[in-house]
Amino acid sequence: MKISQKLVCPSCRGSRLVLGNREVGANNFVPVGKVMVIGFKTYRMACLDCGYIGTCLGEAERCDLERKVRDA
């Protein structure tokens, strides 16, 4: 799994991010107004600079989402 090299921590703008698996039972991301059966798998990330924990899409999922939104 690969994330965008442009991704930085939204809290401190740090770039030392560690990826983890999504939470057990967490739902996939589905854009508002789009009918999707599965949606996009999300991943957890932690910033080693400030400790922020957040959620992100993998690079492949982000590209697929961008294509689906563009083609809608």
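The values are calculated or read from the model by the stated rules, or taken from the named source; none is laboratory data. All values reported here derive from a predicted model rather than from experimental measurement. Please note: Cβ atoms are built from the backbone with ideal geometry, for glycine as well, and neighbour counts cover all protein chains shown. Surface areas here come from the heavy atoms of the whole protein model, side chains and all, with no ligands, DNA or RNA. Shrake-Rupley method; radii C 1.70, N 1.55, O 1.52, S 1.80 Å.
Miscellaneous remarks
- Residues of region 27-47 classified as exposed (fewer than 13 other Cβ atoms within 10 Å of the Cβ) and out of contact with any helix residue (DSSP H, G or I) (no Cβ under 9 Å at 6 or more places or on another chain), total: 6
- Taking first residues from region 1-19 that are in a loop (DSSP other than H, G, I, E, B) and partners that are open to solvent by 70 Å² or more (accessible area, probe 1.4 Å), the Cβ contacts under 6 Å between residues at least 6 apart in sequence or on separate chains come to Val8/Ser15; Cys9/Tyr52; Ser11/Tyr52; Cys12/Asp49; Gly14/Asp49; Arg16/Leu48; Arg16/Asp49.
- Candidates are the residues of region 48-66 that are open to solvent by 40 Å² or more (accessible area, probe 1.4 Å) and among the small types (Gly, Ala, Ser); the one that is modelled with the lowest pLDDT is Ala60.
- Members of region 25-72 found to be assigned to a helix (DSSP H, G or I), touching a residue at least 24 places away in the same chain (Cβ under 8 Å) and more than 20 Å from Lys2 (Cα to Cα), listed by number: Val69
- The set of residues from region 1-19 being closer than 16 Å to Lys41 by Cβ and among the charged types (D, E, K, R) comprises just one member, Lys2.
- The single condition from (1) modelled with pLDDT of 80 or more; (2) among the aliphatic types (A, V, I, L, M); (3) out of contact with any Pro (no Cβ under 9 Å at 6 or more places or on another chain) that Val69 fails is (3).
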